[in-house]
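These notes concern the structure reproduced below.
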Amino acid sequence: MRKRIFSGAQPTGQLHIGNYLGALKNWVALQDEYESFYCIVNLHAITLPQDPATLRQKTRDLARIYLAAGIDPEKSTVFVQSDVAEHTELTWVLACVSRLGELERMTQFKDKGKGNRERSSSGLLMYPVLMAADILLYQTDLVPVGQDQKQHLELTRDLAERFNRDFGETFKIPEPFIPKAGANIKSLQDPAKKMSKSDENVAGSIFLLDDADTVTKKIKRAVTDSGTDIEFDETRPAITNLLTIFQLLTGKSNDECEQHFEGKGYGHFKTELAETVVEFLKPFQERMKEYDDAALDSILKAGAEKARSIAGETLADVYRKMGIA
Ligand code: ATP
Ligand code: LTN
């Protein structure tokens, strides 16, 4: 049997090149080798306030983005989280296994709740429990994510181990897959911060749906460090970030990138980087138009059915072991 992958992204804000390089690009690469489940996690989205019409639209847009990125519905299972009720059911069980202390220590709870515990939704606190349910329902081997999800993966493993210890072997313990390069793409405006959908300063992110002009302007305005060499250098995070984007989109090695820009200035480098990003985005944006509504509906329906058949088995086993059914 092939090993399994599970991953997902939230249908909120606009997907950016950090989401692509840190996660989606690897999902596509791994789908040939693994049995893959790629989920649009709309129930995670409502841990923060969302406009209903926008959420509905973004859920479908994100499915199109997965397909345009190269996820092949013939190879991978693509589905919407809320279409498979087992995710919410297992969340309740795992909520009873998790501890308040460990959830309150999650850095994302503090960040996304802006430190305001009194006004944060309890859903935001439960966010990583729902994520653990997503993963554990499918007896997942590998979870390809960006660096920011590492702590949630550790919690998932802890919950699975605790459940297995208390009720008997039930869940496979999943491993994170965090790429060496690209797992933490930084904001173009502040290389101390990660590129983020929720950043108010849109100049910091290259969105997958940005047009050529916007991309070029954002790259031209990107902050750089002191010094002039175009080299990977931890002490110069801004240039290292831009070079990482170039490297991952062209498939060149670090050395090849540095040689390519040897003796060239920032102006030249930024022009070429902008061209590279635009060339990548153009066919991507074209592919988004390939699936009409009916085609998309049928992919998501088939995906949910496949997902439900596996998730149902795991949940039945969990209930049996707990004396619930
Ligand atoms: P953001 O953090 O941008 O506000 P989010 O928390 O809503 O987004 P998702 O869209 O659900 O995140 O994330 C999808 C995937 O993209 C996750 O695997 C996440 O780790 C990855 N990711 C998010 N930001 C970056 C980044 N700056 N660099 C690399 N990977 C990232
Ligand atoms: N929290 C993740 C999205 C997510 C996820 C998952 C990723 C929800 N469930 C299961 C991997 C596996 C994020 O990227 N913000």
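Per-structure values
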read-out: Vicinal HN-Hα couplings computed from phi for region 57-71 (Karplus, 6.51 cos²θ - 1.76 cosθ + 1.60; Hz; Gly/Pro x); value: 5, 5, 4, 6, 4, 5, 4, 5, 5, 4, 5, 5, 5, x, 6
read-out: Between helix 150-167 and the chain: long-axis angle, C-alpha atoms, 0 to 90°, nearest 10; value: 20
read-out: Along each principal axis, Cα extent of region 159-259, largest first, Å; value: 58, 33, 24
read-out: Distance (nanometres) between label positions extended 7 Å along Cα→Cβ at Glu118 and Glu102; value: 3.0
read-out: ³J(HN,Hα), Karplus 6.51/-1.76/1.60, whole Hz, each residue of region 102-111, x for Gly, Pro; value: 5, 6, 5, 7, 5, 5, 5, 4, 5, 5
read-out: Using alpha-carbon coordinates, inclination of helix 293-322 to the longest axis of the chain, degrees; value: 50
read-out: The chain - percent of accessible surface contributed by carbon and sulfur, probe 1.4 Å; value: 49
read-out: Out-of-range pairs (alpha-carbon distance over 24 Å; input Lys75/Lys218; Lys3/Lys180; Lys301/Lys321; Lys172/Lys321; Lys58/Lys270; Lys25/Lys282); value: Lys75/Lys218; Lys301/Lys321; Lys58/Lys270
read-out: Local net charge near Asn116, Cβ-Cβ under 14 Å (Lys/Arg +1, Asp/Glu -1); value: +2
read-out: Separation in nanometres of the label points that stand 7 Å from Cα toward Cβ, at Ser298 and Asp166; value: 4.5
read-out: Packing-based order for 185-194, 54-63, using average beta carbon neighbours within 10 Å, highest first; value: 185-194, 54-63
read-out: Residue-by-residue Karplus 3J(HN,Hα) for region 285-292, coefficients 6.51, -1.76, 1.60, Hz, glycine and proline x; value: 5, 4, 5, 4, 8, 5, 9, 7
read-out: Percent of alpha-carbon pairs separated by more than 24 Å within region 85-224; value: 44
read-out: Mean Cβ neighbour count within 10 Å, used as a protection proxy, ranking 172-182, 3-13 highest first; value: 3-13, 172-182
read-out: Cα-based equivalent ellipsoid, region 1-108: semi-axes from gyration tensor eigenvalues, Å; value: 24, 19, 14
read-out: For region 224-292, fraction of C-alpha pairs farther apart than 20 Å, in %; value: 32
read-out: Overall form of region 43-96 per C-alpha gyration tensor (a/c, 1.5; a/b vs b/c); value: oblate
read-out: Compactness index (Cα Rg / 2.2 N^0.38 Å), region 77-120; value: 1.48
read-out: Solvent exposure of the chain as accessible area per residue, Å², 1.4 Å probe; value: 48
read-out: Two-site label geometry, Asp233 and Lys180: point separation in nm, points 7 Å out along Cα→Cβ; value: 2.2
read-out: Whole-angstrom gap from region 136-167 to region 1-79, using each part's C-alpha centre; value: 18
read-out: Share of pairwise Cα separations in the chain, more than 29 Å, in percent; value: 40
read-out: Region 231-295 versus region 189-209: alpha-carbon centroid distance in Å; value: 16
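The values are calculated or read from the model by the stated rules, or taken from the named source; none is laboratory data. Note that the structure is a prediction, hence the values are computed from the model and not measured. No Cβ is skipped: glycine too gets one built from the backbone with ideal geometry, and neighbour counts run over all protein chains shown. Each accessible area value is taken on the protein alone, full model and side chains, heavy atoms only, with ligands, DNA and RNA left out. Shrake-Rupley method; radii C 1.70, N 1.55, O 1.52, S 1.80 Å.
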